[in-house]
Amino acid sequence: MNKYLVIGNPIAHSLSPLLHNYWFKKYRFLDSIYEKKKVEKKDLKKIVEQIKNDEIKGVNVTVPFKREIFDFIDTAPHEVQFTKSVNTLVKENDKVVGYNTDQEGFKISLEENEWDFKNKKVFIIGAGGVTPSILSSFIRADGAEKIYLSNRTRSKAEELKKFWDKAIDFYQMNKDTIEIIDWGEKSELCDLIINTTSVGLTKDEKLDFDFSDYNNNKEALFYDLIYNPKETNFLKEARIRENKTMNGKMMFLWQAHLAFKKWTGVSPKIDQEVIKLLD
């Protein structure tokens, strides 16, 4: 039996096994199974060794280990070496390779909604493992006009900004594109507000931000990368304000699509049946 995993902590919310096992059955990979596993940081090295030894065929990595896992892999594409954010592991030529399908998954999810990346003002909440991929999406899509970044621990956001200033130099973007603001502070009105944190995975959690300036703003899009639950408090409050809302389901589907293709060579179809599977 070919074994695949998604690892993280927490992990109970993950719908990855439901999706990948559906695709394994649909595309006749009947000797493959996908499971979720709660792990600690100390377990990461062993997971990579199990891939090397063919005990595990492929792994998805979720919060909070997307950056920590980078230290244990053998190699990665140039962009992943730059972001040090990994969500997909596969063995290639006897080496464990770390990929990141979040960046492309996020980008496609917005493009499907005909959202134009250019000249937009963006507010990103959180500076964790997925945030480098989100920033990369804007840089590779010819850039946003302004990106505000806020993290509960400001130093972590500042560290990420220094890191991305190097990328901005490479892409010849304005160094003032990214600005750090204190947790809970307001930015100017933005076109896109993204929650990249895990706040909202449990029912009563709320972010410490006042978005009342967005009341009746029907153009602003509030995007929560969380897909389970379908509507976090962040999105519920945005809906009440009459903002546009979007959860992380389509990003989740597209990053999974890309990971499945890495493992099997098959490009799984994302249709209404698959979308309803996650409802």
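Points worth noting:
- Count of residues meeting criterion [in a loop (DSSP other than H, G, I, E, B) and surrounded by fewer than 20 Cβ atoms within 10 Å (Cβ to Cβ)] in the stretch 242-272: 7
- Among the candidates VAL59, VAL39, residue that is touching a helix residue (DSSP H, G or I) at 6+ places or on another chain (Cβ under 8 Å) and buried (at least 21 other Cβ atoms within 10 Å of the Cβ): VAL59
- Only a single item in (1) under 26 Å from ILE134 (Cα atoms); (2) at pLDDT 95 or above; (3) among the hydroxyl-bearing types (Ser, Thr, Tyr) is not met by THR83, and it is number (2).
- Scanning the stretch 215-241 for residues that are crowded, with 21+ Cβ neighbours inside 10 Å, part of a loop (DSSP other than H, G, I, E, B) and touching a helix residue (DSSP H, G or I) at 6+ places or on another chain (Cβ under 6 Å) yields a single hit, ALA220.
- Set ILE33, ILE11, ILE7: member being surrounded by 14 or more Cβ atoms within 10 Å (Cβ to Cβ), free of Cβ contacts under 8 Å to residues at least 60 places away in the same chain, farther than 18 Å from VAL63 by Cα and hydrophobic (A, V, I, L, M, F, W, C): ILE33
- Taking the criterion of being touching a helix residue (DSSP H, G or I) at 6+ places or on another chain (Cβ under 9 Å) and loosely packed, with under 13 Cβ neighbours inside 10 Å, the only residue of the stretch 47-56 that qualifies is GLU55.
- Filtering LYS262, LYS249, LYS244 for residues that are among the charged types (D, E, K, R), farther than 30 Å from ASP208 by Cβ and in contact with a Phe, Trp or Tyr (Cβ under 8 Å, 6 or more places away or on another chain) leaves a single hit, LYS262.
- Filter result for GLU68 (modelled with pLDDT of 95 or more, among the charged types (D, E, K, R) and closer than 24 Å to HIS13 by Cβ): yes
- Any hit, the stretch 80-90, residues being of a type outside the set (A, V, I, L, M), out of contact with any Asp or Glu (no Cβ under 6 Å at 6 or more places or on another chain) and surrounded by fewer than 17 Cβ atoms within 10 Å (Cβ to Cβ): yes
- Helices (runs of 4 or more DSSP H) contained in the stretch 25-143 and holding at least 2 residues of a type in the set (D, E, K, R): 44-52, 102-112
- When the stretch 116-127 is filtered for residues that are closer than 19 Å to PHE222 by Cβ and either at pLDDT below 90 or among the charged types (D, E, K, R) (or both), the ones remaining, listed by number, are ASP116, PHE117, LYS120, LYS121.
- Top-ranked residue of the stretch 190-214 - restricted to ones that are among the small types (Gly, Ala, Ser) and part of a loop (DSSP other than H, G, I, E, B), ranked as surrounded by the most Cβ atoms within 10 Å (Cβ to Cβ): GLY200
The values are calculated or read from the model by the stated rules, or taken from the named source; none is laboratory data. Since the structure is predicted, the reported quantities are computational estimates derived from the model, not experimental observations. Positions of Cβ are generated from backbone atoms using ideal geometry, with glycine treated the same way; all protein chains shown enter the neighbour counts.
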